[in-house]
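Novice: Input: one structure, supplied below.
The values are calculated or read from the model by the stated rules, or taken from the named source; none is laboratory data. Quick caveat: nothing in here was measured; it's all calculated off a predicted structure. All Cβ positions, glycine included, derive from the backbone under ideal geometry; neighbour counts span all protein chains shown.
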């Protein structure tokens, strides 16, 4: 079976049924339509769907990531990206789709000024923890009974290195004392 994955940025309500299906069947947290629209209408450019172009099945939605970017603290100039939802169809796990979605989302948030990216995941979701830690996320703290199902979560953070300008080529230092001067 030959297949190829492609990512598409959210481009309207026509994608919403695929997003809802992927998230409702895989995530433990129940979301209502208003939650989806909160993210999708305010940050459509930060939400991505993965489609598998499969020779047997045609183009199939296999993954989704939903994000936002906001000021972190009131009055602060720091922008924080937030990964709200990530889901990959179990049939297509192990193909790097989750990593591709996360990296694409991180790149998009950093390009728009994010200085850090955060998310929460259940403490017993070993696969998600491995994925995020492999991509550079660090466990910041444990949040007790964070989810409606009573489970704890870890908050993970990805610090984004400051974009430092490349140093200009500097001329060799000038000598302040002439080289023929005896001290």
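Novice: On the basis of being in a strand (DSSP E or B), touching a helix residue (DSSP H, G or I) at 6+ places or on another chain (Cβ under 8 Å) and at pLDDT 95 or above, does residue 5 make the cut?
Specialist: Values: in a strand (DSSP E or B): yes; touching a helix residue (DSSP H, G or I) at 6+ places or on another chain (Cβ under 8 Å): yes; at pLDDT 95 or above: no.
No; evaluated as a whole, the condition is false for this residue.
Novice: Give the residues of region 143-157 that are over 13 Å from the mean Cα position of the chain (by Cα) and closer than 24 Å to residue 109 by Cβ, sorted by residue number.
Specialist: Quick first cut of region 143-157, residues over 13 Å from the mean Cα position of the chain (by Cα) only: 143-155.
Across region 143-157, the qualifying residues are 143, 146, 147, 153, 154, 155.
Novice: Can you tell which of 118, 62, 160, 102 is modelled with pLDDT of 95 or more, farther than 22 Å from residue 42 by Cα and surrounded by 14 or more Cβ atoms within 10 Å (Cβ to Cβ)? Outline the logic, then answer.
Specialist: On the way: 118 fails: farther than 22 Å from residue 42 by Cα; 160 fails: modelled with pLDDT of 95 or more; 102 fails: farther than 22 Å from residue 42 by Cα.
None of the others qualify; the one that does is 62.
Novice: Now for a separate question. If I ask for residues that are part of a helix (DSSP H, G or I) and surrounded by 15 or more Cβ atoms within 10 Å (Cβ to Cβ), which ones from region 134-155 would you list? Quick ask: steps written out before the conclusion?
Specialist: Going through region 134-155, the residues part of a helix (DSSP H, G or I) turn out to be 134.
Of everything in region 134-155, nothing turns out to be part of a helix (DSSP H, G or I) and surrounded by 15 or more Cβ atoms within 10 Å (Cβ to Cβ).
Novice: If you take the residues of region 32-57 that are under 23 Å from residue 91 (Cα atoms) and more than 19 Å from the chain's Cα centre (by Cα), which of them is modelled with the highest pLDDT?
Specialist: Restricting attention to region 32-57, the residues satisfying the condition of being under 23 Å from residue 91 (Cα atoms) are 47-57.
Within this subset, residues satisfying the condition of being more than 19 Å from the chain's Cα centre (by Cα) are 52-57.
On the way: 52: 91, 53: 83, 54: 75, 55: 74, 56: 80, 57: 79.
The selected residue is 52.
Novice: Which one of these is in contact (Cβ under 8 Å) with a residue 12 or more places away in the chain, surrounded by 11 or more Cβ atoms within 10 Å (Cβ to Cβ), in a loop (DSSP other than H, G, I, E, B) and out of contact with any strand residue (DSSP E or B) (no Cβ under 6 Å at 6 or more places or on another chain): 36, 31?
Specialist: Working: 36 fails: in a loop (DSSP other than H, G, I, E, B).
Sole residue among the options that is in contact (Cβ under 8 Å) with a residue 12 or more places away in the chain, surrounded by 11 or more Cβ atoms within 10 Å (Cβ to Cβ), in a loop (DSSP other than H, G, I, E, B) and out of contact with any strand residue (DSSP E or B) (no Cβ under 6 Å at 6 or more places or on another chain): 31.
Novice: So which residues in region 8-18 are closer than 21 Å to residue 112 by Cβ and part of a helix (DSSP H, G or I), if there are any at all?
Specialist: Narrowing region 8-18 to residues closer than 21 Å to residue 112 by Cβ: 8-12, 15.
Of everything in region 8-18, just one residue is closer than 21 Å to residue 112 by Cβ and part of a helix (DSSP H, G or I), namely 15.
Novice: I've got another one for you. Taking the condition closer than 28 Å to residue 150 by Cβ, at pLDDT below 95, within 18 Å of the chain's Cα centre (by Cα) and surrounded by 17 or more Cβ atoms within 10 Å (Cβ to Cβ), does residue 23 pass?
Specialist: On the way: closer than 28 Å to residue 150 by Cβ: yes; at pLDDT below 95: yes; within 18 Å of the chain's Cα centre (by Cα): yes; surrounded by 17 or more Cβ atoms within 10 Å (Cβ to Cβ): yes.
The answer is yes for residue 23.
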